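For reference, the structure is listed below as structure tokens.
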Amino acid sequence: MKKSTTLTGKAIVIKDSQGTGIDDIDTDMIFHNKHLHITDINEMGQYAFGNLEGWKEFSSLVTENSILIVGKNFGAGSSRQQAVDCFKALEVMLIIGESFGAIYKRNAINSGMPLLTAPEIMKTAIETGDLLKIDLTTGKISSETKKLQFSNITPLSQVQLDIYYAGNLFEYGKSLE
Amino acid sequence: MGYTVIEKIIADHSSEEVAPEKIVWLNIDVRSARDFGGANVVKNLEKNYPGESHVADPTKTFFTFDCVVPANNLGYAENQQVARVFARKNLPRNNLYDVNAGIGSHIMIEKGIAVPNSTVVGTDSHLNILGAIGAFGQGMGDQDIAFTFKTGKTWFEVPYTMRVTIDGTPAKNSSAKDVTLGVLEKLGSKGALGKSVEFYGATIDALDLAGRITLASQVTEMGGIIGLITPNSSIIEYCKERSGRDFPIHKADDDVDYVEDIHYDFEGIEPRIALPPNPANVRPVAEVTGIKVDSVVIASCTNGRYEDFAIAAKILKGKKVHQDVMMKVVPATQEVYGQLLQNGLVDLFYQSGAIISNPGCASCASGQIGMTGDGEVQVTTGNRNFTGKQGKGDTYLASPATAAACALAGEIVVPEL
Ligand code: SF4
């Protein structure tokens, strides 16, 4: 069965205590290097954002079908795959960000985590808890809570969709046989 | 609107429409792994595709061992053996360049494996050095490379392109490295962040293959994806002869809209040196003379070609290096090593008191030869001087001429040529 490209979930918007989006969240804030020895994905969720001021309890806020909304240059820094996998472990379904670190983007795509680039998303009225509906192929986001629609969002490319459908990069490789 | 060089190369290797920020599937002509990361590539393949064939096209798949050759620690010995066994089993025997061969990216140019307009990926973060011959080269992680072994393709986000035009004749004692450090000084470590760079201008046109390699090798330190230099007739000739093949040469369209368009006048540029702790921390050598030097390394993918050693030899001829200096000479490849032997340079370096090693990455990656101790001052022709990268000492980056002159003086001096 083909995975759905229309996702519905609850927003978690990563802002600071003043209500401003946090830019340049690096991989050490997402998944601190003191936990790098962990290789079992099931153990990673509890440490997500464990080093980000104000968000250390993140793992307890995540409900099923959470949509993570982040600022600019998200995932800058090291190439650690755990910084993506910790969100997969919590079943975060999608990350929408104003921009991403280049290696983070590669890692996310390779692991089948959909990732949308939305340059102005932090300036919109979307708040934590809003119910969002997202079409990955058009990039259209609508807020069921606020009756709003947002465009100007880059939809997933063919590559991202291919890997997303397959599950991850290696599964996609198998599907080519 | 016209297309840039990288856009044309990508378009030649993809069935999708090419534009900046677009992520496309890219067909890869050459897939490679080195001793760093190579064993993990094998492990990823075995874990994810048990019992299946692991290599889409063995003739296009290569291993090159260059980081620590021959292995001088158990970890590297183990990893090389894992990769070696895999290569012997799955690839044509000639596609394994073992510990005697030298730096992988240089071998690809010398052996005609990489040619202009080809696409090459590997586990070497400086594989974009292939921009020197107008090829697309890119370093990637071991999962990504395992996938290219298996499928022959990878995905790639088309970068924006900036144009850097350099004119002027450098000072007599300056070379491609000083031009390169000059660009780093002006652009800084993020100046080309995430972008493809096209180099033009009289200064670039005058560079030979070795000089182009030097410049292209440091685009990584400018933050760039790749630095492309359109091949001139002598580069085209060389690549044709080495590969026995023909290839298209792409030029950027006239109406390209570059994200940045920069011009530098390097007329009379004096020798440059990058101070620790980062490659963009560049000054004229003349401003930092007198610092005592403990070791000198002439080597690496940036300055390990015959032309680089010939310049150093001019300075060292008939002289002895300072008695407090350890001087290390490491050719980039076996072919360069042969040239040094045939032209009497091994003898010349021996007479001057240098340590001469078999080809490889020297002190650059994990210490084939030449790590530094606490407080040690090292002048190297390499490309990175981050804290701790080559040991606890302080590393300075300079040209072969400057490095050789420092070896004689035992302190940082401006070379005379
Ligand atoms: S010399 Fe250094 S930068 Fe060049 S290929 Fe070897 S390890 Fe990489």
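Derivation of every value follows stated rules applied to the coordinates shown; laboratory data play no part. All figures in this text were calculated on a predicted structure; none of them were measured in a lab. Cβ atoms come from the backbone with ideal geometry, glycine included; neighbour counts cover every protein chain shown.
Here the range B:197-221 and the range A:45-103 have alpha carbon centers that stand 39 Å from each other. Counting Cβ atoms of other protein chains within 10 Å of each Cβ in A:168-176 and taking the mean gives 6. Considering the zone a paramagnetic label at B:Q81 would reach in this model (a point 7 Å from Cα along the Cα-to-Cβ line), which residues of the range B:99-114 have amide N under 18 Å from it? Once the point is set 7 Å along Cα→Cβ of B:Q81, B:99-100 turn out to lie under 18 Å by backbone N, inside the range B:99-114.
Evaluating 6.51 cos²θ - 1.76 cosθ + 1.60 at θ = phi - 60° for every residue in the range A:13-26, the Karplus couplings come out as 9, 7, 10, 7, 5, 7, x, 9, x, 9, 8, 6, 6, 8 Hz, glycine and proline recorded as x.
Taking label points 7 Å from Cα along the Cα-to-Cβ direction, B:S15 and B:T387 give a separation of 5.1 nm.
Once the Cβ-Cβ distance of A:T138 and B:D254 is raised to the sixth power relative to R0 = 35 Å, the FRET efficiency obtained is 0.50. Pairs of Cα atoms nearer than 8 Å and 6+ residues apart set the relative contact order; for the range B:114-231 it is 34 percent. Would you mind telling me the antiparallel percentage of the DSSP bridges in chain B, rounded to 5? About 25 percent, rounded to the nearest 5. Using a Förster distance of 56 angstrom, determine the FRET efficiency expected from the C-beta separation of B:E237 and A:T8, and round it to 0.05. Once rounded, the FRET efficiency stands at 0.40. Given a Förster radius of 22 Å and the C-beta distance between B:A310 and B:A206 as r, what FRET efficiency does 1/(1 + (r/R0)^6) yield to the nearest 0.05? Once rounded, the FRET efficiency stands at 0.85.
Please state the charge dipole magnitude for the range A:19-103, taken about the Cα centre, from unit charges on C-beta atoms (+1 on K and R, -1 on D and E), reported in debye and rounded to the nearest 20.
Details: 5 positive and 12 negative charges, 20 e Å.
The dipole of the range A:19-103 has a size of about 100 debye.
Amide hydrogen proximity for B:Y49: with H placed 1.01 Å from N in the peptide plane, no residue at 5 or more positions away or on another chain lies under 5 Å.
Would you mind calculating the gained length between A:D40 and A:L61 on full extension (0.36 nm times residue separation, minus the Cα-Cα distance), in nm to one decimal?
Details: separation 21, 0.36 × 21 = 7.56 nm, distance 2.15 nm.
My answer for the length gained is 5.4 nm.
What's the extension gain from B:K172 to B:N72 if we count 0.36 nm per residue and subtract their Cα-Cα distance? Mind dumping the intermediate values first?
On the way: separation 100, 0.36 × 100 = 36.00 nm, distance 3.97 nm.
Between B:K172 and B:N72, full extension yields an extra 32.0 nm.
Using alpha carbons only, the radius of gyration of the range B:140-213 set against its Kirkwood radius gives Rg/Rh = 1.11. Looking at the range B:24-157 alone, DSSP beta bridges between its own residues are antiparallel in about 25 percent of cases. With contributions of -39500 (n - 2.57) from each DSSP H run of at least four residues, the per-residue ellipticity at 222 nm computed over chain B stands at -9000 deg cm²/dmol. Phi-derived couplings, Karplus 6.51 cos²θ - 1.76 cosθ + 1.60 at θ = phi - 60°, listed residue by residue for the range B:382-393: x, 10, 9, 9, 4, 4, x, 4, 10, x, 7, x Hz, with x used for Gly and Pro. Here the spin labels are modelled as points 7 Å beyond Cα on the Cα-Cβ line, and at B:E267 and B:K320 they lie 4.5 nm apart. Summary of the geometry: the range B:323-344 and the range A:112-131, compared by the centres of their Cα atoms, lie 56 Å apart. Summarising the amide proton neighbourhood of B:R34: residues at separation of 5 or more, or on other chains, whose placed amide H is nearer than 5 Å comprise B:T64, B:T123.
Placing unit charges on the Cβ atoms only, positive for Lys and Arg and negative for Asp and Glu, gives chain B a dipole magnitude near 1280 debye about its Cα centre. Comparing mean-square fluctuations of A:F150, A:F31, A:F100 from a GNM of chain A with C-alpha springs under 10 Å, the top value falls on A:F150.
The Cα center of the range B:120-184 and the Cα center of the range B:232-257 differ in position by 16 Å.
What does the charge add up to near A:E120, with Lys and Arg as +1, Asp and Glu as -1, over the other residues with Cβ less than 15 Å from its Cβ? Don't jump to the answer; show the numbers that get you there.
Working: positive: A:K15, A:K72, A:K123, A:K140; negative: A:D23, A:E98.
Overall, the nearby charge balance is +2.
Using only side-chain charges placed at the Cβ, +1 for Lys and Arg and -1 for Asp and Glu, the dipole size of the range A:111-177 relative to its Cα centre rounds to 220 debye.
Modelled label positions at B:Q351 and B:T59, each set 7 Å beyond Cα in the direction of Cβ, lie 4.8 nm from each other.
Amide H contacts of B:E411: B:V293, each under 5 Å away and 5 or more positions distant or on a separate chain (H built 1.01 Å from N in the peptide plane; Pro and chain starts excluded).
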